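The values are calculated or read from the model by the stated rules, or taken from the named source; none is laboratory data. This structure is a prediction, so every number in the text was calculated from the model and none was measured. Neighbour counts are summed over all protein chains in view; Cβ atoms, including those assigned to glycine, are modelled from backbone coordinates with ideal geometry.
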Amino acid sequence: MFAESWQDSQFWYSDQTATILAEQLLEGITSDSRIAVVSAPSAYVQLRNLLVSLCSLRGGKRLIVVQNDKERYPVRPKLTLFEIDERFEVFKDDFVMYDFKNPLKFDDPGTLKGAFDRIICDPPFLSEDCQSKVRWLARQWQAPQAGSEGSTKLILCTGERMESLAHKLYGKAGLQTTTFLPEHTKGLSNEFRCYANFECDGWKWTANA
Ligand SMILES: C[S@@+](CC[C@H](N)C(=O)[O-])C[C@H]1O[C@@H](n2cnc3c(N)ncnc32)[C@H](O)[C@@H]1O
């Protein structure tokens, strides 16, 4: 990963946290799955690592691990990283320049609307303005579902003090606080939480724990 820029509010997840998040996003994927990673580049990088192609590492010492991952994830979903940091342009077509303050400034919003059945967001700021703007756009990206918003898998990683706002913004989608406590490589001074609209191997909802 690139060095963190504090100016851009960058605090990378620990490897273990990025892996747990990526694994939950990949659970049950099909070749039609599309995963939106919003301002969470280390989760994106870990998704790529888990999906890495056998060919690219043939002869490499991780061959056995890669074969296991390949068996585990026989299909490759489309990944899209929405990020403001241009360094991530190295990921070419997977990268979409995204500034939550100007959410409509995409090259081709038509292909993104309603396209994603899995979304993870880690908004850069613990403010109502930022959280609401990220939520507004995540709602545009969610795959349309008959009757309910709840069928797109949603993960929100953000501060503990955003809990009531997160429940309000994502309530209709079934989002709740989970038992999973994301960790960061350099620690964080504020309490951090993972919210999601599904339970899985990685977490339960705190209300059910
Ligand atoms: C709190 S960090 C989350 C990173 C995550 N913990 C990870 O390890 O991938 C917030 C992210 O938002 C991005 N960001 C900063 N300003 C932004 C903006 N105006 N619009 C969209 N994303 C922004 C940063 O580059 C950073 O990747």
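Some notes on this structure:
- Take the conditions (1) in contact with a Ser or Thr (Cβ under 9 Å, 6 or more places away or on another chain); (2) at pLDDT 90 or above; (3) within 16 Å of the ligand (Cβ to nearest atom); Phe91 misses just one of them, which is (1).
- The stretch 16-28: number of residues that are surrounded by fewer than 21 Cβ atoms within 10 Å (Cβ to Cβ) and touching a residue at least 60 places away in the same chain (Cβ under 8 Å): 3
- Total residues in the stretch 1-17, condition closer than 27 Å to Trp203 by Cβ and in contact with an Asp or Glu (Cβ under 8 Å, 6 or more places away or on another chain): 7
- From the list Gln16, Gln24, Gln10, the one residue that fits, being under 24 Å from Met97 (Cα atoms) and of a type in the set (S, T, N, Q), is Gln10.
- Subset of the stretch 105-142 that is surrounded by fewer than 18 Cβ atoms within 10 Å (Cβ to Cβ), part of a loop (DSSP other than H, G, I, E, B) and hydrophobic (A, V, I, L, M, F, W, C) - its residue that is modelled with the lowest pLDDT: Phe106
- Scan the stretch 170-200 for residues that are assigned to a strand (DSSP E or B) and not charged (D, E, K, R) and the total you get is 9.
- The set of residues in the stretch 1-27 that are away from the ligand (no atom under 13 Å from the Cβ) and assigned to a loop (DSSP other than H, G, I, E, B) contains only Glu27.
- Taking the criterion of being free of Cβ contacts under 8 Å to residues at least 60 places away in the same chain and of a type outside the set (S, T, N, Q), the residues of the stretch 1-14 that qualify are Met1, Ala3, Trp6.
- Residue in the stretch 28-49 that is in a helix (DSSP H, G or I), modelled with pLDDT of 75 or more, farther than 23 Å from Arg135 by Cα and more than 12 Å from the ligand (Cβ to nearest atom) present: yes
- Scope the stretch 172-201; condition of a type outside the set (Ser, Thr, Tyr), closer than 16 Å to Glu23 by Cα and in contact with a strand residue (DSSP E or B) (Cβ under 8 Å, 6 or more places away or on another chain); matching residues: Phe180, Leu181, Pro182, Glu183, Cys194, Ala196, Asn197, Phe198, Glu199
- Test: residue in the stretch 157-171 that is within 17 Å of Leu26 (Cα to Cα) and surrounded by fewer than 17 Cβ atoms within 10 Å (Cβ to Cβ): no
- Filter pass, Val96 being at pLDDT below 95, within 16 Å of the ligand (Cβ to nearest atom) and either surrounded by 12 or more Cβ atoms within 10 Å (Cβ to Cβ) or hydrophobic (A, V, I, L, M, F, W, C) (or both): yes
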